[in-house]
Every structure is written in structure tokens, then in C-alpha cells.
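The values are calculated or read from the model by the stated rules, or taken from the named source; none is laboratory data. As the structure is a computational prediction, the values presented were derived from the model and not from experiment. Note: ideal-geometry Cβ built from the backbone for every residue, glycine included; neighbour counts use all protein chains shown. For accessibility, only protein heavy atoms count, side chains too; no ligands or nucleic acids. Shrake-Rupley method; radii C 1.70, N 1.55, O 1.52, S 1.80 Å.
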Amino acid sequence: MNPSPFEQLNLSTRRKFFQQCGTGMGALALTSLLKTNLFAAPAKESLAGTPIGPHFKPKAKNIIYLFQSGGPSHLDLFDYKPELIKRNGQQMPEEILKNIRLAQIGKNAAVLGTNYKFKQYGKSGVWLSELMPHLSTIVDDVAFVQGFYSEAFNHDPATLFMNTGAQLAGRPSMGSWFSYGLGSENKDLPAFVVLATGFGQPLTNNAWGSGFLPTVHQGVSLRSQGDPVLYVSNPPGMGQERRRQSLDAVRDLNQMRYDVLRDPEIATRISAYELAYRMQTSVPDVMDISKEPPDMHEKYGTTPGRASFANNCLLARRLVERGVRFVQLYHRGWDHHGGPDGNLVFDLKKRCLETDQPTVALIRDLKERGLLDDTLIVWGGEFGRTPMMQGKMTPDQIGRDHHPHGYTVWLAGGGIKPGIVYGKTDELGFYAVENKVHVHDLHATILHLFGLEHTKLTYRFQGRDYRLTDVAGEVVKPLLA
Amino acid sequence: MSIEFLRDDSLLSLIRTMRLFIHKFFREPLFACGRIPLLFAALCCLVGSTFAAEQTKVDFAKDIQPIFTKRCFECHGPDKQKSGLRLDRKADALKGGKSGKPLFLPGKSAESELFQRVTSKDPDEIMPAKGEPLEAQQINLLRAWIDQGGVWPEEKKHWAFSKPSRPKPPEVRSKGWPRDAIDSFILARLEKENLSPSPEADRATLIRRLSLDLTGLPPTLEEVDAFLKDRSKQAYENLVDRLLASPHYGEHLARWWLDLARYSDSNGYQVDLARSMWPYREWVINALNRNMPFDQFTIEQLAGDLLPNATLDQKIASGFNRNTKSNDEGGGDDEEYRTKAVKDRVATTAATWLGLTMMCAECHTHKYDPIAQEEYYRFYAFFNNTVDRGNGTEPSIPVPAPPVQTKVNYLRSSLDRLKKELSEAERKLPAEQTVWEHRIAGKTNVWTTLELTNAISTGGATLTNLPDGSILATGGNPTYDTYQIEAVTPLTNITAILLEVLPDPSLPKNGPGRWGQTGNFILDEFGMTARSPSANEDEGKKDGTSSARRTLFFSKATADWEQQYYRAEHAVDHNPKTGWAISPKFGQRHFLIAELSEPFSCKAGTKVGFRLDSYHGNNHIIGRMRLSATAERDPAALWPVPAPIAEVLALSAANRSPEQQRLVAAHYRTVSPNIRRLEREIFRLNERELELANMKYTSLVMKEASEPRTTYIQVRGNFLEKGKMVTPGVPAVLPPLEADQTPNRLALAQWLMKSENPLTSRVTVNRLWERVFGTGLVKTSEDFGKQGEAPSHPELLDWLACEFRDGTSSAPAWDIKHILKLIVLSATYRQNAAVDDQRLQKDPYNRLLARGPRFRMDAEMIRDQALAVSGLLNPEIGGPSVYPIQVPNLWKELGFLRPEIGMDEWPTSDGPDLYRRGLYTFWRRVCTYPTFATFDAPSREVCISRRPRSNTPLQALASLNDPVFLEAARVLAQRIMSHGPADPDKQAAYAFRLCLARQPTSSERQRLVSLYEQQLKGFEREPAAADQLLQQGAAEHVKTLDPLKLAAWMIVGNVLLNLDETITKE
């Protein structure tokens, strides 16, 4: 077998290096350098702050976070409230709204019951609405967190809060913390990958940014149009062979300069270029779902070449299979205030049609491949929606406002206790009241599943040790398998 | 190890200890893996000493205090004292808590409360009460500390809080080496460490290093040659003076300052609207170029608006603190975002001038530095009195228009070129028309108007079917609307749909849209469905989303007229945020042809449905329209032919009257895609010229409210929870404000520049040092507090601070150019950057400076350099931001905003604006220019003191394939072939020197030549590839050059622009 170009580089450079310095020090240096995975940097990073993990034996290896952007209505999907239906059209009790700030509606907005039929499923007897027919078939694999709550009630701060543990931009996102804490399992792909679909509230890239962590940890957003990774394709007329030849020249010339200056940074640059070359093959390869068998497309509801949440679910499985640690899918369009482009009838139904089947196909697929045990699935938005109505009582005008005080997030696989319902909201679905789980608790729990102690995963910045969980967060033990 | 809690695996314990040591000795965030091995090696060296850890003396500040701070202060610190115990002050701590027991008994760890509590087995007793117990190593340190007597030294004043006084440069052994005081400080330390300085770098390296450091641009070959020839003693200093006087100096330094100022062209947060802030950027460039004294530079930016008779420039300067974000999201609480902006002003001002992390005291008293929460809000009060709100861009002031002549000249020359092309195209029209006539012969009426069966406006308009088959909307005119239209088709095959929008006297301005001001509309989405032919009626009624009704997809849309950014294809792209519109051609018929991705076959009489979505708002809804279908497969025949023209076309050419001929020719002119493209482009450039002439320019400024706002402490940083009222003031650890001055922003700015202030001068010279050497004397240039890193050369820092603050006989106080000049004239700066094992091992990060600085350039510099060496760079200075080539649709994919705000699409600049320096690139916070972000440029949402320097494969991909780098490689190739001597050896050397200033070694030159020859051979085999490659970029294509050689040189250029040395300041 011929060694790959990169292995050849390894051999030649290492040999040269030995010849040049002849000391154990230098040899050690370059050997580990060339083995280093540039997307994974746990060992070296640990030197920059508190020791990094895993701190103990992890249960999960990968995570697929299905972020439903805009704030899906827990009250029309997961959180069955007969009382709400009973009081439909009435005023909310005053004491509930006393200390509440609302985004768009006034405090006199009327109670809105759900129009959708709910039924109980599985051994936990969880109530699910008719909008999630696929999900209802796998509830025994799922843990529903129904007493979930957040703090922010505007999209941008709330999305940042869910992703970075802070409402203001500038903190590292969860995926960046994972990349920083655990590195990557794949040396040809980034540790943290983001895929987005849908329309509606914009997404800002600081939701997957690395904040003050080195940018090597930022989420790499794979695009569904054009290059999946920016500039991964060569221009017309370049071709892989010509690219290889020019990279050979880059490497040789860098090597010559290294021989003179011996700056280790040059050696790192040499490997960065080699990895870039490998990504030119590995990224388009993983993104090409057309090679999946027809039954797979049927299960997921995928159409190669047409961007969809379904396609991204299938991609997520392919990425996880290749060892990408953190895959985050964003699907926009859950912001149902009422109105022609966001109501609880047409648009909510559409979102469910777009997401229910592929989400469940993904979980089944992972299970069949034996990957669900170490792949954690998280499903949820930046907040839920108010028990009060916004808009008008017509199909295309009916909606609910933003609501962070109690809503549903669900988890599956990756060391999560399957088939449970944890926590609940009050009888009107307003406040989380029992077994409440805060954003920081969710983060602490997720990190825990990956063998990371959330208080110890820290990074020193501007004179302070920062964590994903800020100064709070408790691992929610009852959610663990 | 008799103590029972030390059950840890001893290896684990050893690793922990080692980590502790590594952490102490190398608190370097590692941005490149290049450094790991060194640390491993260092770690191995340290192993020996770690065994001695138990016996060595425990140091309170180093070993114990961090444990208290980290694990105990939350409950027993400055803000909370559970059980009466307070551990941040010695006197309080030794007393112990309410229990009355002392904290510890010196020498008797086992009997000490502190030790007993941290090792207790009782869950109610064990401390810390929250989180995991202390680690074995920490407990061990506490035990050893108590047993060694529990020495708790009196707290010394932190070094950074004492006013610096000018130290005398130290004596050194190698007296011949130092050129100035800086060198004496550096050398003294090197001699102590048994290191010797490196030799001076060669002159070509020096001029490149100086040019990059002082102007951010590489030297030209002429400049290099002149410097190499000038052997005079003054040559180096003359060069430095020339560079400091270059207008590019101000640009380069401004870019650095703009990171601190968090300058951006957008408001931030999710909506992230555009703002006009460039006049502030221009002010910074000009101030730095004029070498405005730093005290004035400070005062004008913090309080220019408060100066007596403030000039326009001074008001613009006050925009420094208007670079805060503002939130335009609906439903936001303005006050919340206003207070966030005020907090950002506190954080930014403190970090920029004082090097303090004051924001730590927002929610509680600072954990490490002497800043109480109350002091934080007193500082906050200085900034809490301006009239800006949490959203929008007010207050702002009008500023004079910048010179636009270059742009206008470019537009006019482009117009001239296009007009020539147009007349060229018009000459070819008759021939084209003949071909077209032939092609559409017998197909002049391919469209069948659909018979409508139902039309609903979900917004509540009344839709009437007119006799000509069109629909007219009247009555309710909603903000948004969706038309759902059902029709039967007599066709058995449909390939495309024609949507005509028609004028009507009942519509505003005669239509065809319903928007009152112009008659425009925006068709956001145009969709089509059909019952599948086999489906029976009942199947379709299960729910709203019948399986029998299927969606038909349009693959393409064209229109006779498209408004800029509102193209026909936007109506069929499944993105409801984009749409088709017709400004400014209102009051007339237009049409859109939507082609199906595959023909739809059906029975005659099949029902088809259409959906026309108008989400835009403001009644941007179609007023009158007609739908037709066709089975025609030749796209040429789809363009509708009006009946009179069709009649003429039916006649043979010889039988047409001149009038008839004119009519057909005029019609064909509207059909020709080439003519339409040219006319649209000409229209766009004309509009652009008008826009430039009428542009209003403004800049955001600070403006004090007439009624002062009262400031309260915000409990736990929550703006809704008001605590005690406070007045403006500065932290007690620093010198007081002038007693007789009104405590406002002006007083604060003047206080910052007082010579008693220990921080401002140190912080600023440290930043200048950081610019040049890559790392400051204090590495944490944003944090001079206790958690910051101590200076590597404290006396040098103070010496420079005093030189800056006090000035000398030859230089006034606060002279930035003077400090930079001192630094770059030093022998320290002039060393070469080569490293050997000894230097690498002893000083992996070059903090001791036994070698010259060498680090990767900043994002903007890398791009600027590629433009400069290829000759593309447009050196124009100042003006509004520009939009160089960016990946198409990047903003749209993330869903930023509707087009009416003008931020939906990146409005790519014209001509010369594509090649401006990076600092003029439009800076959008939520979506930073991608290649800059890849090279670690910040989003500028908050003050950034220093950028990380990562080294990643994504960077490689960017500099290899980003179109601007490819264009630069192509133009560099043209330059090599046009200007260089005509033999590959010399051409390679010429190109190498353009990029790196120095001569290549013979092996470097040979490698480039062999690459060139290899590529040339390759392109000879595959000339089409050369043609494809050379398409890159809009800059002039020199057609006289051999394309195969040109492509081969382009590959060489691409390689040169990607060398480590090229993107490194060396």
C-alpha cells in the first residue's frame, strides 16, 4: 500500500527533523505535532486553564441537537392542559401575570386552549398532540422535560442563552465548549458542525461561535447551497491534481523556511494545509446523501439536492458516524405569533410535517445501527409559547407570544433514561412548577453525559474563569439512565 | 502519606500536580498546536521538581488564596458572609465565623476548623457546601499551609495601582548591543537567563517588518531596492520616519483601535440593521495620522460632545461610546438594552484605558480587584445620562459628504463602456431577430389563459374575475395577503406559467400593485399545486395537506423587468423573505414566466391551484393579474408576443410595411436577453450615480440629557431591581477626581489622563508593544488587575509609561508615534526571528525576546497584502464602508431581514471599491466578513483587546480559494509576465520578492520554477483548464499574454500568497 501524501509528508518531515535537531526534544516536538488533530485540541488546551476532561467515564460520545428556532408551542405539541381548554377566551388570573414582562401581547390577552387532539402514549403515558404522529411511536425512547424554563423572552438573547448560557453575545457556544473540552474524533472533519434550514427569525452565527475560546472551536456551518464549507471547492480549472501539485510546492517551500527558522508554527501550518486538502474530499463526501439507499430516503423523507430538515437529519447521522462530536441542526419558522407567515394552524402544521418524520427516522436509524446508546438527541427551542392568545381567532391569524417560564424540551439516547416524563408546568402551562429544569441545569446534565464536570470545564478570559453554566447549574440526576 | 483522604491513585495525583505547575509556568492560551510538544517537554523537566512539592514552603498568595477565591468566596466573600465568615480580608478571616472558633490553629491542621470542614464526611458539615469537595491536592496545600504556621502576609498594594516612576536602565555586560534604554532592560533580563540576543535581521526582512508594523502593507520593490542601496547611517531611521508619516500608518493603527472601540457598521443583536458610523472611523484614522496627543485623543472620544463649543469633529469622536449595540427586535424592552449599552461603555472604557475588568462588579463586588459593586455603579453613572435609547441610531448628526469623485469617474467610465457594448449589441439585433423569428415561427401564441374557478384573498380583499380573464383586487387592502387561486386547465401538458400583472385605473398610481405610494408590489412566493390525475376527489379532503394534491416545482423564473435585489427567481426560491418587484416601472404591464422543473401531464379539465404570497407588508400586493399556461418546450417561444406583433410576424418580411418592421424590431429589442442585461446594468449605474449625489451622511454621537438620570445600584445586575442611589465617581483604589469639577464624562476623561493615574499610560504603551511584538509586556493587555499576568519586564513597562506620560525634551507627552519609533529603533526589534533549541526550550513564546518577533498577520493585513503585491490595491483613504466580493446569499441563508431595509443582500461594490483595504469592509456584527472571521477577526460586539491567532485548515481553504485571493494570483501573474524579466528564473525571483521582499534562496527559486514548468506542461495538455482558471475576478484581463503561461504563473502566485512566510510578519 502506498502511503498517502500526508503520511509521506509525515515521514519525510519527521526524518528531516530528526536529522536537524538530533535532540529528544525536537523529535518529541514534531512527532506529536504531526499526529495532532487540528480540530481536536484537548491536551494542549488543558494547559491553558483548569484541567479538561473527560473528568470521568462518559456515557455519550456524540450529540445531535435539533434546535427548533422560533419557539415551538409546548401547549399545542407536548403539554396537555385541559384547564386551558376549559378557560379558553377568559382572562388570565392576575397573580400569575404580576411580575411578568411580555414580548408583544398585553396582560389582558385571553387564554387560548389548544385546537389539537391529545392522546396518551407509551409506558410513561405522555400526552402528545396529533401533530406529532411519528414521535408518538417512539416515546419509550424519549425523556420529556416538561418543567423546563429559561429567562430571556426575545429571540436573540434567548437563543444565545440556550446555546451559550448567556444572553449577550460573546460567550462560547455549547458545541465550542465540547470541542474545547473533548476535541474531535475525526481528523478530517471539524468537531462541531451546524446545519440550518427553514425560514423565519434570523440566526446569528454567535449562537455557534467560539466566543473567547480559540476560533478552532467554533461551529463550522455546513451550507446547503454552494460550498458546504466556505472555499472547500477549488475554482474551475484547478482540479484536485493541480491543487495537490500546488500544495506540494507550498509544503516544500514552507519546509525550506522551517529549516532556516525552526519556528514550530510553520510545521503547524504545513499540517493545516494537508488537512485542508483532505477536507476537500471528506466534506463533499459526507454531504453527498444521494448514495444512501432508496429506503433510507423514504424513511427520512429526503430529497437529495433540495435543502430540508429531513436532509439534515440524514446528514447528522452520516456526520456522527464519521465521528463528528457535536452536530447542531437549526430549523427555523416556529415563531407563531399569528399572521400569514406564522400561525398556529398552517405554519405549525407545516413545521411538524417537516420535522416529525425525519426526527423519528433519525432516532430509529441510530438505534438500528447501535449508535443511539452513545448519541444524545436534544429537541427544543429557545422558549415555548404563551397560554394566552396573540392575533385573532381565524386560522391564519391565530398565535401565541414568546414564553420562557415553562415549556418542553425532550432528550433521547446517549445515557438518558428512556420513556419518562420529568417535571411539569402549572395547570395553565405557564410556570414550570415541579422538577424544574433550568437552561444551566440542562447544560450541566449534557456535559455530565459526556464525562465533563460542568464546574471544571473552564476557560480564563478577562481575568475570570468562565464556564458554560456561568455560576449555576445542577446535573439533573433523575434524567440519567 | 498518612492522611487518609489521599486515596487518589498516586499517578493521578502526580498528573494533577504537574498540571498545576504547568498552569503556573505556562499560562499561555495555546492557539497553535506548534506549542504543545514544548510543554510536554517542559512538563517532563518539571516532573523532578514536583516530587518536592510537599516539602516546599506553601505560599499564601500563590497556593491558598486561589482556593479561597474559587471555592469559598461565593458564600464567604465580599458580598456574602454566611455564618459570619469572610475570607477575603485577613483580619475578618482569622476571627472565624459566628461559631467563635478561629479559622485555624497555626501548626495544628488536624485541630483546625478550616481543615476539619473541608475534609468532613458529614454532608451537613463539609465545605464547600456547593459542588464537589476540594481536590486532594488543594486539601494537601491547606494542610501544609496550616502546619507551616498559616502565614497570611499583609496584602501588598497590587503593582498596577501604584503610579509608575521612571527607573534607570540597568547595567548590562554586553555594552555594545543596546541601542537605547529598551535594549538595556531586555538585555539585562537575557543575561540573567543566560541567553544572548539574536543577530540583526537582514535589511530586506527589516523593511518588510517595519512596513507591515507601521502601515500594515508590504513594501514595494522600489522601496526595498532604495533601502538596500541606502547604506547611510540614517537609512533605517529615515525609513521609520517615512513610514510613520505615511497616511497608511493611520489606517493601520486605526484598525487596531477599532477593535477596542468595537466599531461596526451594524446595530447588533438579531435584527442587526445598518448604521452610518464611518465618520467616526475616519476621525480615528485622521487623528492617528496627525499624531493627535493621546490625552486629546482620549478626551474627544469619551467626552468630545461636552467640550466647550464642541466642533463637528469632536462630536463625531464622541461616537466611541455609541459603538454599543442597539436592539431593533420587536417586543424588546428599550430600557433593558439601554442599560446593557451603558454597561458596555463601562466595560469598554475600563478595559481600554485602565486595563480593568470592571464588568465583573456588575452583579457583585469584584472577586479579585478592589472594585465594589457600588463603585461599579458610580462609574456607570458617568455614562447613564445620555439620550440614546436601547434601539435605533439616534442621536446622530449630519456630516459633510465624503469625496466621491473617484467613484463617479468609475461609474461614468463603466457607463461609457456599457453604452458601447449596447450599440454593438444593437448592431447585431437584426441578425438575431431573423434567427428568433425562424425559431418561433408558428409559435406566436403559446399561452392559454386559464379559466378561474375560485379566487380567495386570505387578507380579505375582494377578487373579481374580469372578462379578459384577469383578476382585480378591490375593497379591503390588508398589510399582507395571500391569494389562493383555482383554475381548470384545458391543456394536457403544462411546462410553464405566465403571470401577467396589469395596470388598472382603480389601483393606486394605476397599479399594478396596491401600495398607495407607487403602485408597486412584492411577490414573495409563487407556488403551484395540482391534483394528481388519478386521484379521486375524496382523497383530497382528509386534512389540509392532502396527499392527492401535489406541489409542482418551478425551476426558473424570468420577468420582463426586475427591480434591483427583487429578481424574478426570488418568487420561486421557496424563501418567503425574497420576492419579485418592479420599481420604478409602475403603471404598466409586466410579466413573469415560471418554468416547471418537469412538465406536468394531466387530463384536460384538471384543477390546478396557485398561491401568491405577499408577506412584505405595507400593502405590497398585486392589484390586477392574469394567469396563463403553456405546453411549449422551446424556451425561446415563451416570451409573450402581443397580438399586433404576431400578426406582423405572420407576414413574410418582404410584405411588411416600414412601420410594421419598426414594430417588430422594437418588440424584439425587449426580447433580447443581451439587450435587457445591458439596459438593466446601465439603469443600475445611473441610479447609483444619482444615489451618490443625493446621499445623506450621518454619524452616531453621545448627547447628554438635559434632565440628569438618577443611577441606582442594580441588584445582581438586574436593571429592574433598583438598589441604593449612587452619584458618579471613580474606584477608591485609584486617585480621586478633581474636587471642584462637575463629575461628568469630561471630568472622567480628564481624570484618566491625569499623571497620577497609574494605569492609562502603562496600559497604552503595553498595547503598542503588543502590536509590534505580538504579546504585551503584560500579556493580558485587557487585565492589569490581580488576575492579569504580571509584566515580563516591569521596569521597562514603567520606563515606557513614563516616557509616554511625561514626554522628553525631544518629544511631547502622550506622543504615540514617539513610543512606536522608540520601539522599532531598538536592537531588540531588529533581531532576526530564527530560533534554536535553547531559545525554544527556555522561552517558547519569545517573551524574553532573545529573537525577533514572528507571528501571523491579522485577517485584514493578509487580504491587503494580496491586493498590494498583485497591484490591485486601491489606496484611497476613508469614506463609507465598501462591499468586496462575498459568498452570494450568505446573509439570506441566515434569514437576515427583509430586503426593504437593504440588508438582505450583500450589495457588492463597483470596481475600485472591491480593492479597498480591509478596514473599510462593511462590518456586520452577526455575520462578519467570512474570510476575516476565519482569520480570527472579532465580531466587534464587545471591546476586544487582542485577537487570538489560530492556525486552522479553514484558513488554508480561504487563502487558497477565496475569489479575492484567486483574483490577486491572476493579476499577480499578469504583473509577473508584463513587468518581470522574461525568463522563468528571474520571473520567479521577481514574484518572490514582490511577496516577501527578500531574495529567494536558489532552492526556493528552483522549486518555484519547477512548479511553473510542471504547470505549464499541464496546461499545454489541457488548455481549457487555463481558460477556466483565468476567469477569476473582474479586474482587467490582459489579453495579449499567453494564457497557458499566465495560468501557470497564476498557480505560482496562488502558492506564493499561501506561504507561511507570506502571511506572517517576520
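Right, residue B:78: in contact (Cβ under 8 Å) with a residue 60 or more places away in the chain, within 24 Å of residue A:465 (Cβ to Cβ) and not in a helix (DSSP H, G or I) or not? So residue B:78 fits the description; yes.
Of all residues in the range A:459-481, count the ones that are surrounded by fewer than 20 Cβ atoms within 10 Å (Cβ to Cβ) and in contact with a Gly (Cβ under 8 Å, 6 or more places away or on another chain).
Residues of the range A:459-481 surrounded by fewer than 20 Cβ atoms within 10 Å (Cβ to Cβ): A:460, A:464-465, A:470-472, A:474-475, A:477-478, A:480-481.
Pick out the ones that are also in contact with a Gly (Cβ under 8 Å, 6 or more places away or on another chain) and you get A:460, A:465, A:470, A:480-481.
So the count comes out to 5.
Within the range A:89-121, the only residue that satisfies the criterion of being within 14 Å of chain B (Cβ to nearest Cβ) and of a type in the set (Ser, Thr, Tyr) is A:116.
For the range A:201-255, a residue qualifies if it is farther than 24 Å from residue B:1057 by Cα, in a helix (DSSP H, G or I), within 7 Å of chain B (Cβ to nearest Cβ) and among the aliphatic types (A, V, I, L, M), but none of them does. Checking each residue in the range B:126-178 for being surrounded by 18 or more Cβ atoms within 10 Å (Cβ to Cβ), of a type outside the set (A, V, I, L, M) and over 45 Å from the mean Cα position of the chain (by Cα) picks out B:140, B:143, B:145, B:150, B:152.
Restrict the check to the range B:775-796 and report whether at least one residue is of a type in the set (Gly, Ala, Ser), assigned to a loop (DSSP other than H, G, I, E, B), within 14 Å of chain A (Cβ to nearest Cβ) and surrounded by fewer than 19 Cβ atoms within 10 Å (Cβ to Cβ). Yes - at least one qualifying residue is present in the range B:775-796.
May I ask you to verify whether residue A:418 is away from chain B (no Cβ under 14 Å) and assigned to a strand (DSSP E or B)? Write out each step before concluding.
On the way: away from chain B (no Cβ under 14 Å): yes; assigned to a strand (DSSP E or B): no.
For residue A:418, the condition - away from chain B (no Cβ under 14 Å) and assigned to a strand (DSSP E or B) - is not met.
Within the range A:150-161, take every residue that is in contact with a helix residue (DSSP H, G or I) (Cβ under 8 Å, 6 or more places away or on another chain) and farther than 25 Å from residue B:262 by Cα and give me the one that is surrounded by the most Cβ atoms within 10 Å (Cβ to Cβ). Break it down into steps so the answer makes sense when it comes.
Residues of the range A:150-161 in contact with a helix residue (DSSP H, G or I) (Cβ under 8 Å, 6 or more places away or on another chain): A:150-152, A:159-161.
So of that shortlist, the ones also farther than 25 Å from residue B:262 by Cα come out as A:150-151.
On the way: A:150: 27, A:151: 14.
So, considering only residues that are in contact with a helix residue (DSSP H, G or I) (Cβ under 8 Å, 6 or more places away or on another chain) and farther than 25 Å from residue B:262 by Cα, the one surrounded by the most Cβ atoms within 10 Å (Cβ to Cβ) is A:150.
Quick grid of which residues meet (1) touching a helix residue (DSSP H, G or I) at 6+ places or on another chain (Cβ under 6 Å); (2) free of Cβ contacts under 8 Å to residues at least 12 places away in the same chain; (3) loosely packed, with under 14 Cβ neighbours inside 10 Å:
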| residue | (1), (2), (3) |
| --- | --- |
| B:630 | no, no, no |
| B:646 | no, no, no |
| B:650 | no, no, yes |
| B:702 | yes, no, no |
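Scanning the range B:140-149 for residues that are more than 19 Å from residue B:85 (Cα to Cα) and not polar (S, T, N, Q), we see that the one that is nearest to the other protein chains (Cβ to nearest Cβ) is B:141. When the test is whether a residue is part of a helix (DSSP H, G or I), out of contact with any strand residue (DSSP E or B) (no Cβ under 8 Å at 6 or more places or on another chain), of a type outside the set (D, E, K, R) and open to solvent by less than 20 Å² (accessible area, probe 1.4 Å), residue B:799 does not pass it. Only residues that are within 14 Å of another protein chain (Cβ to nearest Cβ), assigned to a helix (DSSP H, G or I) and among the small types (Gly, Ala, Ser) were counted across the range A:122-181, and they come to 3.
Scanning the range A:186-201 for residues that are open to solvent by less than 20 Å² (accessible area, probe 1.4 Å) and among the aromatic types (Phe, Trp, Tyr) turns up just one, A:192.
So which of A:128, A:97, A:84 ends up being under 29 Å from the mean Cα position of the chain (by Cα) and surrounded by 14 or more Cβ atoms within 10 Å (Cβ to Cβ)?
On the way: A:97 fails: under 29 Å from the mean Cα position of the chain (by Cα); A:84 fails: under 29 Å from the mean Cα position of the chain (by Cα).
From the options A:128, A:97, A:84, the qualifying one is A:128.
The residue that is nearest to the other protein chains (Cβ to nearest Cβ), among those in the range B:797-810 that are of a type in the set (A, V, I, L, M) and in contact with a Phe, Trp or Tyr (Cβ under 9 Å, 6 or more places away or on another chain), is B:797.
Residues that are open to solvent by less than 40 Å² (accessible area, probe 1.4 Å) and in a helix (DSSP H, G or I) were ranked within the range B:560-582; the one that is farthest from the other protein chains (Cβ to nearest Cβ) is B:568. Restricting the first member to the range B:1009-1029 and to residues that are more than 10 Å from chain A (Cβ to nearest Cβ), and the second to residues that are surrounded by fewer than 16 Cβ atoms within 10 Å (Cβ to Cβ), the beta-carbon pairs closer than 7 Å and six or more apart or on different chains are B:1009/B:985.
Given the structure, is residue B:348 away from chain A (no Cβ under 14 Å) and open to solvent by less than 10 Å² (accessible area, probe 1.4 Å)?
Numbers: away from chain A (no Cβ under 14 Å): no; open to solvent by less than 10 Å² (accessible area, probe 1.4 Å): yes.
Answer is no for this residue.
Pairs are defined by a Cβ separation below 6 Å, a sequence spacing of at least 6 or placement on different chains, a first member in the range A:248-265 that is without any contact (Cβ under 8 Å) to a residue 24 or more places away in the chain, and a second member that is surrounded by 21 or more Cβ atoms within 10 Å (Cβ to Cβ) and of a type in the set (Phe, Trp, Tyr); the pairs so defined are A:250/A:273.
Would you check which residues across the range B:829-888 are polar (S, T, N, Q) and either within 11 Å of another protein chain (Cβ to nearest Cβ) or more than 30 Å from residue B:971 (Cα to Cα) (or both) and list them? B:831, B:832, B:838, B:841, B:846, B:886 - these are the residues of the range B:829-888 that are polar (S, T, N, Q) and either within 11 Å of another protein chain (Cβ to nearest Cβ) or more than 30 Å from residue B:971 (Cα to Cα) (or both). Among helices (runs of 4 or more DSSP H) entirely within the range B:947-1066, having at least 1 residues that are open to solvent by 60 Å² or more (accessible area, probe 1.4 Å) singles out B:963-979, B:984-996, B:1002-1021, B:1023-1029, B:1043-1056.
Is it the case, given these coordinates, that residue B:640 is open to solvent by 20 Å² or more (accessible area, probe 1.4 Å) and not small (Gly, Ala, Ser)? Even if it seems obvious, please write down each step before you answer.
On the way: open to solvent by 20 Å² or more (accessible area, probe 1.4 Å): no; not small (Gly, Ala, Ser): yes.
Answer is no for this residue.
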